[in-house]
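Reading through the structure tokens given below for one structure.
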Amino acid sequence: MRPVSPSRARSATLALLVAGYAWLWLSIGQSSFDRRFDPLSPRGRHVEQALETGRFADALPLALGIREAFPEQPQVWYWLAEIDRGLDRPREEAEAWDTFVSITPARAAACPEWPQAHARAGHDDAAMRGFEQCVSFAPDDPERLLDLADALAQRRRMDAARAAYARAAALDQSDSRPAVRLRELTPGERR
């Protein structure tokens, strides 16, 4: 067996180090591309716990950090909307719900909070569209129809309100609220 020259040993060691660093760099780079959103990660659990205990100010920076990493995740926008509602920030809440509704297939989960946030923010047209869209997301949900009917009645659109109350009453005959509110909306009487 021939002895290995010192320059050849250094070259082999250098080649092994370069190969090791290249492998490490590629595996770290690959793992950053493979990151997946996990709402049960420690940060996600902290957001959930803060929401459950009403610590909205504590949850906000955590949720914003998660949003930076996962801006297309509906759960993050749901959290932000809940946090903004808890912090009484209706404009920010409405914006978070808008984003949530635009990226999730479970749009009905935003109802009725989404249009209510717009109403509290003074966005009357957006609120009305939201109540109407909530009914379109779940057309057989009497609660969504009741929300829409109430919004219509507040805006003095009595014929449309009566129709929505009647439909809600027909869908859930065990709930007396739609029928009572329908009776209250007699012609000429203001609500």
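The values are calculated or read from the model by the stated rules, or taken from the named source; none is laboratory data. Please read these numbers as outputs of a predicted model, since none were measured by experiment. Quick reminder, even Gly has a Cβ in these numbers, built from the backbone with ideal geometry, and neighbours come from all protein chains shown.
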| said: Considering only residues that are within 15 Å of Val101 (Cα to Cα), out of contact with any helix residue (DSSP H, G or I) (no Cβ under 6 Å at 6 or more places or on another chain) and in contact (Cβ under 8 Å) with a residue 24 or more places away in the chain, which ones fall in segment 129-164? | reply: Gln133
| Matching residues, segment 67-104, being in contact (Cβ under 8 Å) with a residue 24 or more places away in the chain, surrounded by 22 or more Cβ atoms within 10 Å (Cβ to Cβ) and of a type in the set (A, V, I, L, M) | Val76, Ala81, Ile83, Ala94, Val101
| query | Going by the structure shown, is Asp147 of a type outside the set (A, V, I, L, M, F, W, C) and closer than 27 Å to Arg91 by Cβ? | reply | yes
| remark: Counting only helices (runs of 4 or more DSSP H) wholly inside segment 70-176, the ones holding at least 2 residues that are closer than 26 Å to Arg55 by Cα and β-branched (Val, Ile, Thr) are 74-86, 90-103
| Cβ pairs under 7 Å, 6+ apart, first in segment 174-191 and of a type in the set (Lys, Arg), second modelled with pLDDT of 90 or more and surrounded by 16 or more Cβ atoms within 10 Å (Cβ to Cβ) | Arg177/Leu146; Arg181/Ala149; Arg181/Tyr165; Arg191/Ala153
| message | Consider segment 34-56. How many of its residues are more than 20 Å from Trp97 (Cβ to Cβ) and among the aliphatic types (A, V, I, L, M)? | response | 1
| Of residues in segment 165-186 being in contact with a helix residue (DSSP H, G or I) (Cβ under 8 Å, 6 or more places away or on another chain) and among the basic types (Lys, Arg), the one surrounded by the fewest Cβ atoms within 10 Å (Cβ to Cβ) | Arg177
